[in-house]
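For reference, the structure discussed in these notes is given below.
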Amino acid sequence: MISTAIRVARVGSAAELAAAALMTLGYPGLMLAALVPSVPAFAAVAAVTYLADLYLHRKGSYLIALLGKVRAGLSTRFLIRELLLILLLARLGHSEEPAFYAAIACFTAFFGLQAPHGALVTLIGNRRQMPVVTRNVDLASRMRIPDAPPRRLLSRAGVKMLHLDLAAVVGLLVYALTDSAPAAYAGVGVTVGLGVLYVLALVPHLRADRIPPPADKVLKTVSTWLREYRPETVLYFSGSKDSTYQVNMWLETMEQLDSRPLVILRERYILEKMAPTTVPVVCVPGGVHLMNMDLSTVRVALYAANVGKNIHLLRVPTMKHVFIGHGDSDKLASVNPFSKVYDEVWTAGRAGRDRYAIADVGIRDEDIVEVGRPQLAPIEPWRGPSEGRIPTVLYAPTWEGWDDNPGNTSILLAGENIVKKLVAAEPPVRVLYKPHPFTGTRSAKAGAAHRRITALIKKAAAQRAADARFTADADAQARAKSDLTRLKARLDSLSLAFDDKADEAVTTRDGLVDMRKHEEAARLRTEWNDAYWRSFPSFEHRVVTGAGPRLYDCFNASEAMVSDISSVVSDFIASGKPYAVTDSAGLGAEEFRRQNTAVRAAVILSNGADELDRLLDAVRTPAADPLAEDRKELKEYLLGPDEPTSIEQFNTAVADLALKAEARNAGQESLAVAAAAGAADAADALADERVAADGLTDGRVAADGLTDGLTTA
């Protein structure tokens, strides 16, 4: 979903669309210039096509992929331009000259080099691909993994190789304009020479000492490490590129486990996008490789998503399997019948248990364990209005979604009304506006509404800054801004995230977390967040976008929130603060509450936002808040009790299930021993029977012999 939204946004980029249009129209222009013929016109249009093509590649535009799908790929575009240059030379009367044939030979040889070049690049990439990719696993001390080839050789290699024709194109255009054959020969020679050198430069990187060990050795080394590390609890994850957040949300919880943790991923692109962590990570794309890994010490396997590849670990009987999901909501995904395959299903609170009971999809009540939501630990509980500053109300709407359902977002129908009432409220409040990052990516109307809301907030902020009732400490803000600059520079220098374009063999070898940097980064992020809120007056209306401050930081800086039906509401409930939810679809308060558990303790807003005063009254006079007790009950119902803490509940659940796994394994071993003993006893009895049978047979033989003797006598 995320990548699709990004592609939609990219295709709609005005600059990229203009570049694509110029490039596409350039080829008819090249043909026209060649037929006229006009060397200056051809050179100008060729330059436009080169620059537009290069711009689209640098931007990583989705339009490049679209051109390939309509058979106008990169190689085709270069070949057409070169053929049109040959046509230009022929139209200028050079078709009988040696330079003309040199041009034909050059482009023929140049395109002949594309095949070995592409084959070498592919072969090097394949041979440097690891069967298992790791993070925080020390493989370098166990086997030799050589350095990667220089990135300049393999990064966008096809684009670089094709652009080597520039020398020949320029030389031939100079020849066409001035009749200078040496210019043509020089350009042709440079293009062919550089192409040959590029191919030759790749060859040494196929030597045995330049590629990682074979797959069987890598797998054996990883298995040896597993036997030494002895993991006990595994977080298993498989999914699409868009679903990386589902594993990321559990990484901090895995770091806090009392048992030895391990993360197993199934797709390389998930590993590339995964957040930094101190937990060992093993990415095993091949199902057979996973099945052959030694996971005999693992007792609990946690699954964050219901996907087909889960079967590759579910088949292991020595561990207990748990569905933990990636959020707790009223969505159908929260009561998927597939969950029957797990030994247990863990939910945040009683609400999750009731959902399964109502859905009646075959999940037994005794298999459900309530463990809270460890991810919500950073959300601070409400302690009433802050002394010395005006209250803050956070407006955090979700985006417009994939259809035009009016209930998707309040941005379209209610957003401006909400903001107008908040900025005009008396006594005054401060407004924080943090829109969903995808707002406006699909709907132009939503994008326009977002811009109008942003303008409203900035205008209100400017008016408040000029209001004599509000004073700011300019020196303190200047110091805070200086701190922000310093802290950001330090955070950027730590570079905890791995380069998603780096060679995976090298990142496996060097992918050991620096604990000092990891802990320092956590401390610096806390300091940065504190400096951010000090860098502007506490009364200033603010539009908050980008990666920081995070949504939970905005929760902690606010006394109340207005939002839409989404996980944002469920998470905010952990704070215990007053909140309002928009009924943009116009269901009515009673039906809206019936359909959505998370709004049972909310102020329900119509699109006119006339009910906002009830929310503001609850912020200003907490003792008179009629929904305070409802919020407390709903919080426990959705998320479980505050004590013991969620991470304590989670660790207890892991330990209890691990004991069940141990008991099951011990029972199976006892049965196996008993079966073996029984088999041995049965074998002994059978042997005795055979001995007895043999004795009886011998007796019969002797009796037959005596009878024969008497008969003869």
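All of the numbers you see were taken from the coordinates with simple rules; none came from a lab. Keep in mind that what you see is a predicted model, and the values were worked out from it rather than measured. Cβ placement follows ideal geometry from the backbone for every residue including glycine, while neighbour counts extend to all protein chains displayed.
Summary table
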{"read-out": "Cross-link pairs LYS459/LYS488; LYS632/LYS660; LYS69/LYS241; LYS320/LYS635; LYS421/LYS459 - those with Cα-Cα distance over 23 Å", "value": "LYS459/LYS488; LYS632/LYS660; LYS320/LYS635"}
{"read-out": "Karplus-derived 3J(HN,Hα), 6.51/-1.76/1.60, for each residue of the range 348-360, Hz, glycine and proline x", "value": "5, x, 4, 4, x, 4, 5, 4, 5, 5, 5, 5, 6"}
{"read-out": "The range 108-154 and the range 397-446: distance between their alpha carbon centers, rounded to Å", "value": "48 Å"}
{"read-out": "Selection from LEU313, LEU30, LEU200 lying farthest towards where the dipole of the chain points positive, charges on Cβ", "value": "LEU30"}
{"read-out": "Total charge dipole magnitude, the chain, about the Cα centre, Cβ charges on Lys, Arg, Asp, Glu only, Debye to nearest 20", "value": "3120 debye"}
{"read-out": "Potential extension, ASP492-VAL513 segment - 0.36 nm per residue separation minus Cα distance", "value": "6.0 nm"}
{"read-out": "Equivalent ellipsoid semi-axes - Cα gyration tensor, the chain, angstrom", "value": "55, 51, 23"}
{"read-out": "Using a Förster distance of 35 Å, the FRET efficiency for SER296-ARG594 (Cβ separation, nearest 0.05)", "value": "0.10"}
{"read-out": "Cut-off under 5 Å, modelled amide H: who pairs with ILE565 long-range", "value": "THR582"}
{"read-out": "Cα→Cβ-extended label distance, 7 Å offset, between LEU200 and LYS458, nm", "value": "5.8 nm"}
{"read-out": "Extension reserve of the GLU648-LEU35 stretch, reckoned as 0.36 nm per residue once the Cα distance is removed", "value": "212.8 nm"}
{"read-out": "Rounded if a/c under 1.5, otherwise prolate or oblate - the range 215-376, Cα gyration tensor axes", "value": "prolate"}
{"read-out": "Separation of the ALA72 and GLU669 label points, Cα + 7 Å toward Cβ, nm", "value": "6.8 nm"}
{"read-out": "Leading residue at positive end of dipole, the chain (Cβ point charges), from LEU139, LEU456, ASN405", "value": "LEU456"}
{"read-out": "Surrounding net charge for GLU228, when Lys and Arg each add one and Asp and Glu each subtract one, Cβ distance under 15 Å", "value": "+2"}
{"read-out": "Theoretical ellipticity at 222 nm over the chain - DSSP helices of four or more residues, -39500 (n - 2.57) apiece, nearest 500", "value": "-17500 deg cm²/dmol"}
{"read-out": "Inter-label distance, nm, simple model (7 Å from Cα along the C-beta direction), ALA655/LYS160", "value": "5.5 nm"}
{"read-out": "In Hz, Karplus ³J(HN,Hα) per residue of the range 626-635 (6.51, -1.76, 1.60; θ = phi - 60°; x = Gly, Pro)", "value": "x, 9, 4, 5, 5, 5, 4, 5, 5, 4"}
{"read-out": "Potential extension, ALA547-ILE358 segment - 0.36 nm per residue separation minus Cα distance", "value": "64.2 nm"}
{"read-out": "Highest-first arrangement of 29-38, 454-463, 346-355, where packing means the average Cβ count within 10 Å", "value": "346-355, 29-38, 454-463"}
{"read-out": "Highest-first arrangement of 656-669, 588-601, 368-381, where packing means the average Cβ count within 10 Å", "value": "368-381, 588-601, 656-669"}
{"read-out": "Antiparallel DSSP beta bridges within the chain, as percent of all bridges there, nearest 5", "value": "10 percent"}
{"read-out": "Global geometry of the range 176-248, whether rounded, prolate or oblate, following the gyration tensor of its Cα atoms and the 1.5 cut on a/c", "value": "oblate"}
{"read-out": "Euclidean distance of C-alpha centroids, the range 614-634 and the range 210-260, integer Å", "value": "45 Å"}
{"read-out": "Estimated vicinal HN-Hα couplings, Hz - the range 166-177 in sequence order (Karplus 6.51, -1.76, 1.60; Gly, Pro = x)", "value": "4, 4, 5, 4, 5, x, 6, 5, 5, 4, 5, 7"}
